[in-house]
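Just below is one structure, and these are the notes that go with it.
What follows is calculated from the coordinates using simple rules that are stated; it is not laboratory data. Bear in mind the structure is a predicted one, so any value in this text is a computation, not a measurement. Virtual Cβ from ideal backbone geometry, glycine too; neighbours counted across all protein chains shown.
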Amino acid sequence: MLRNIAIASCLPYLALKAAWIAGSRLGIPDGSSLLDHRTTMIVANAATILMDGSVVVIALLLTQARGLRVPAWLMALPMWTATGLLLPIMAGFPVQLLVGLLGGGTPATANAGRRPFLDDWVFGVVYTGFIVQGLALGALFVLYAKDRWGSLWQGALRDLPDSPTTPALRIGAVVAAVIALVPATMHLLWAAGGTAALNPSRIEERTSGFYALQAVDVLFAAATVAGLLLLAFRRTGKLPLWVPLALAWGGSGAMACWGGWMSIASLTGAQEISDEPTTGMVLLYAVQMLVGAVVVTQGAYFFAERAAAVREAAEPSGPRP
C-alpha cells in the first residue's frame, strides 16, 4: 500500500514535466520566464523527471527482496538526499499555507512590474505530491532500515561503547556543529527581519511566509547540532539512539540538499539583476553543503564501527573445535 502511494504521488509532477517537455503550456502563464529559454527548460525538466523517477526506483527497492542486497551506501545516500529535498517542503509548505490563512499575505509591491512564473495551482498540486511522497517513502525506509540495520540504531544512547575513533568523531561533530551555527545565525537574522546578504528582490518580496520559512531553517540547523552533539558526548540517560540519529539525518539532509538545490537554481540565471543571489547567499548555500558532507562522513564512520561491533558480539567466543 505504501509503495503504491509513493509511486502514485509522483505521477502529477512527472506528468506536468513531461507535458512541458512536449511543448504544453499547462500551468505556465503568458509572459513567464520559463518560455524564454526552451532548451534550458527541456534540460531542467528532464533532470527533475529523473530525480522524481528515482523515488519510484527507491520505493520498489525498499519493498522487494533485491533491495536488501543493494550496497548500504547506495540505499542510504539517495534516501538522505530525498529526505533533504522533501523535508523542507513537508515542513515549509503547510507553514506557508497556515501563515497565509492567518493573514500573512504578499506585499503590494512584491509582484509589481514582475513577470509571472507559474500558475498558483501548480505549486499546490506539486507540493502536495511531494508531501505524500515524503510521508510514504519515509515510512517505507523506516521499515526497511528496521529489517536490515535494526541492530545498528536501536537501543539507548548511553549504551554506546567508546572506540579508538571516538575522540576524532567528537572533534568532527564539534566542528560540524560550529559550522552549522553559521547558516543558523543567518536564517535567524532573516527570520527576525534582517536583510544582510539578501538580494534586492528577496528583500522586496518578504512576507510572513518568508519569515516563517527562515524559522523552519533555523530548526533544521538546531536539529543537526543537537543530533551531532548528543551522538558525540552521549550524556543523556535513557534517550533512544534513534532520536539523535534522526535529528542529524533530517537536519543535515535539509541543510545540505536544499543548499545544493538553491546553488543549482542560482546558476540557471535570473529574470533580473535584482534576482541574482548575493555573494553572501552563495556562501551560505556552500556552508550548508559543507555541513552535510561532514555529517555524512561522520555517519559513515559511526555506522561502520557499529556494524563491526555487532558482528564481533555475534561471533561465538572461545576456541573453535
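Express the relative contact order of the chain as a whole percentage, based on alpha carbon pairs under 8 Å and six or more residues apart in sequence.
Dividing the mean separation by the residue count of the chain yields 23 percent.
Any chance you could give the angle, 0 to 90 degrees and rounded to 10, that helix 242-267 forms with the longest Cα principal axis of the chain?
30
Among (1) 22; (2) 46; (3) 27, which one is percent of Cα pairs over 35 Å apart computed from these coordinates?
Checked against the structure: label (3).
How many nm is it between the label spots at V182 and S163, if each spot is 7 Å from the Cα in line with the beta carbon?
Computed distance between label sites V182 and S163 equals 2.8 nm.
Length gain on complete extension for the stretch A72 to L101, per 0.36 nm per residue less the alpha carbon to alpha carbon distance?
Here the segment from A72 to L101 would lengthen by 6.1 nm.
Per residue and in Å³, how big is the convex hull formed by the alpha-carbon atoms of region 155-315? Present the calculation step by step, with values, prior to reporting the outcome.
Values: hull volume 18.3 nm³, N = 161.
Measuring per residue, one finds 114 Å³ for the Cα hull of region 155-315.
Return I171, I28 ranked ascending by Cβ neighbour count within 10 Å, so the fewest neighbours appear first.
I171, I28
Cα axis of helix 208-233 to longest principal axis of the chain: angle in degrees, 0 to 90, nearest 10?
10
If each residue of separation counts as 0.36 nm, what is the full-extension length gain between L118 and E312 once their alpha-carbon separation is subtracted?
On the way: separation 194, 0.36 × 194 = 69.84 nm, distance 5.63 nm.
That pair, L118 and E312, stretches by 64.2 nm at full extension.
Length gain on complete extension for the stretch L267 to I5, per 0.36 nm per residue less the alpha carbon to alpha carbon distance?
Taking 0.36 nm per residue and subtracting the Cα distance, the gain is 91.0 nm.
Can you give the net charge of the other residues whose Cβ lies under 15 Å from the Cβ of Y127, counting K and R as +1 and D and E as -1?
With Lys, Arg at +1 and Asp, Glu at -1, the net is -2.
Calculate the length of the line joining the C-alpha centroid of region 64-95 to that of region 188-220, in whole Å.
27
Within a 10 angstrom radius of the beta carbon, how do W80, W242 rank from fewest other beta carbons to most?
Fewest-to-most Cβ neighbours within 10 Å comes out as W242, W80.
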